[in-house]
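Enquirer: I'd like to ask some things about the structure below.
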Amino acid sequence: MPARHHHHLHDVLHIEGRALGLVIALSLSLQAGRADPLPADAGHLYRAQTIVTGQGEANRLTGFAACLVDVVIKVAAAGQLADDRRLAAAKADARSYVKAFSYHDQMAGTPTHDEQGTRDRPYDLTVDFDQARIDGLLATLGLKPWSSHRPVLAVFVEMEQGARQYIVTSDTRQSDLQRDSLLAAADKRGMSIVLPTAAQLSKSAITAAALPTLSTAALAAATAEQGGAIALIGRLVWSDHDLGWVTEWRLEWQGRPHRWQLRGVTFDEAFRRGIGGAAQILSGNGNPG
């Protein structure tokens, strides 16, 4: 092949290769930026975990029933199902909805010191439920799975206990317990959350004293910087009279403000009700009670 033809062919291949690379890159970029209407791993919505004592059948069946309730709430984003009497039959027959289960010994590596062996040891029981059966159960309740894209919540929570007043962050030690609890609550309700760093709060001049009066619009920049789509604002004040936290949650969705309150609960329960309430609103299942 003459040299000039060789160089011409090389240039054509080089140009076509670059064009193909640009097409592939553009395609990947569009895919990365698209909000997939279905969760990438929908299976996690049909999985739940609880703590049981030992691996006996009676405790396992109780665990199945507890996990079933968590899964139907998570899949439908319907917190009102927590005490729904219509679930009684399904809870009694929870094992028929189970696809797989496994145990994790919380005391793995700790020697057994009594004659009862592993019977009284605490285990994490993880249960995977059959998707079709859970969806069918929801249909009998007049509900359907919330299978569309679930927006990321930017969670701003202020804690008050006596003279202590602070915002839960992703990187300060005083927030360790509350941060872990919030992440567990988000997982339990099938939501993704992000928390502010101390530096982000300082940069945005967001203080614990000011947070209860700030609007979601005032938190818009901080919400976006954290990678959140919607701000969920909570205030927890310890009450000796109620022997628990007095809690208020705020969220604005489609131009409408939503508020819901709790009294005398642990912060674990307050966080579950806060994130679960947000999920209920965003899914169109009404206001949390």
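The values are calculated or read from the model by the stated rules, or taken from the named source; none is laboratory data. Worth saying up front: this structure is predicted, and the values here are computed from it rather than measured. As a convention, Cβ positions derive from the backbone with ideal geometry for all residues, glycine included, and neighbour counts pool all protein chains shown.
Enquirer: Identify the residue in the range 117-131 that is of a type in the set (S, T, N, Q) and within 16 Å of residue 57 (Cα to Cα) and, among all such residues, is modelled with the lowest pLDDT.
Expert: 118
Enquirer: In the range 143-174, what count of residues is obtained for those that are polar (S, T, N, Q) and closer than 17 Å to residue 185 by Cα?
Expert: Within the range 143-174, residues that are polar (S, T, N, Q) and closer than 17 Å to residue 185 by Cα number 2.
Enquirer: May I ask you to list the residues in the range 236-289 that are among the small types (Gly, Ala, Ser) and within 20 Å of residue 166 (Cβ to Cβ)?
Expert: 239, 244, 270, 274
Enquirer: Is there a residue in the range 160-170 that is assigned to a helix (DSSP H, G or I) and either in the same structural domain as residue 254 (by TED's automatic domain parsing) or over 30 Å from residue 215 (Cβ atoms) (or both)?
Expert: Looking for residues that are assigned to a helix (DSSP H, G or I) and either in the same structural domain as residue 254 (by TED's automatic domain parsing) or over 30 Å from residue 215 (Cβ atoms) (or both), one finds none in the range 160-170, hence no.
Enquirer: Here is a list of conditions, (1) part of a helix (DSSP H, G or I); (2) touching a residue at least 40 places away in the same chain (Cβ under 8 Å); (3) touching a strand residue (DSSP E or B) at 6+ places or on another chain (Cβ under 7 Å), and residue 184 meets all of them except one; can you say which number that is?
Expert: Residue 184 satisfies all of (1) part of a helix (DSSP H, G or I); (2) touching a residue at least 40 places away in the same chain (Cβ under 8 Å); (3) touching a strand residue (DSSP E or B) at 6+ places or on another chain (Cβ under 7 Å) except (3).
Enquirer: Hey, any hits in the range 231-240 for a residue that's more than 21 Å from the chain's Cα centre (by Cα), under 17 Å from residue 178 (Cβ atoms) and β-branched (Val, Ile, Thr)?
Expert: yes
Enquirer: Consider residue 170 carefully, then state whether it is within 30 Å of residue 203 (Cβ to Cβ), small (Gly, Ala, Ser) and modelled with pLDDT of 95 or more.
Expert: Here the answer is yes, as residue 170 does meet what is asked.
Enquirer: Within the group 192, 148, 175, which residue is among the hydroxyl-bearing types (Ser, Thr, Tyr), free of Cβ contacts under 8 Å to residues at least 24 places away in the same chain and surrounded by 14 or more Cβ atoms within 10 Å (Cβ to Cβ)?
Expert: 175
Enquirer: Also: State whether the residues of the range 265-287 include one that is among the aliphatic types (A, V, I, L, M), outside any helix (DSSP H, G or I) and modelled with pLDDT of 95 or more.
Expert: Just the residues of the range 265-287 that are among the aliphatic types (A, V, I, L, M), to begin with: 265, 270, 275, 278-279, 281-282.
This time we only want the ones that are outside any helix (DSSP H, G or I), so: 265.
From the residues that got through so far, the ones that are modelled with pLDDT of 95 or more too are 265.
Yes, the range 265-287 contains at least one residue that is among the aliphatic types (A, V, I, L, M), outside any helix (DSSP H, G or I) and modelled with pLDDT of 95 or more.
Enquirer: Could you tell me which of the residues 190, 136 is small (Gly, Ala, Ser) and either within 19 Å of the chain's Cα centre (by Cα) or not assigned by TED's automatic domain parsing to the domain that holds residue 90 (or both)?
Expert: Going through 190, 136 in turn, just one is small (Gly, Ala, Ser) and either within 19 Å of the chain's Cα centre (by Cα) or not assigned by TED's automatic domain parsing to the domain that holds residue 90 (or both): 190.
Each row is one residue, and each column tells you yes or no for (1) of a type outside the set (Asp, Glu); (2) touching an Asp or Glu at 6+ places or on another chain (Cβ under 7 Å); (3) buried (at least 21 other Cβ atoms within 10 Å of the Cβ); (4) in contact (Cβ under 8 Å) with a residue 24 or more places away in the chain.
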residue	(1), (2), (3), (4)
74	yes, no, yes, yes
77	yes, no, yes, yes
80	yes, no, no, yes
83	no, no, no, no
88	yes, no, no, no
92	yes, no, no, yes
96	yes, no, no, yes
102	yes, no, no, yes
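Enquirer: What do you reckon, is residue 232 touching a Phe, Trp or Tyr at 6+ places or on another chain (Cβ under 8 Å) and modelled with pLDDT of 95 or more?
Expert: Spelling it out, residue 232 is indeed touching a Phe, Trp or Tyr at 6+ places or on another chain (Cβ under 8 Å) and modelled with pLDDT of 95 or more.
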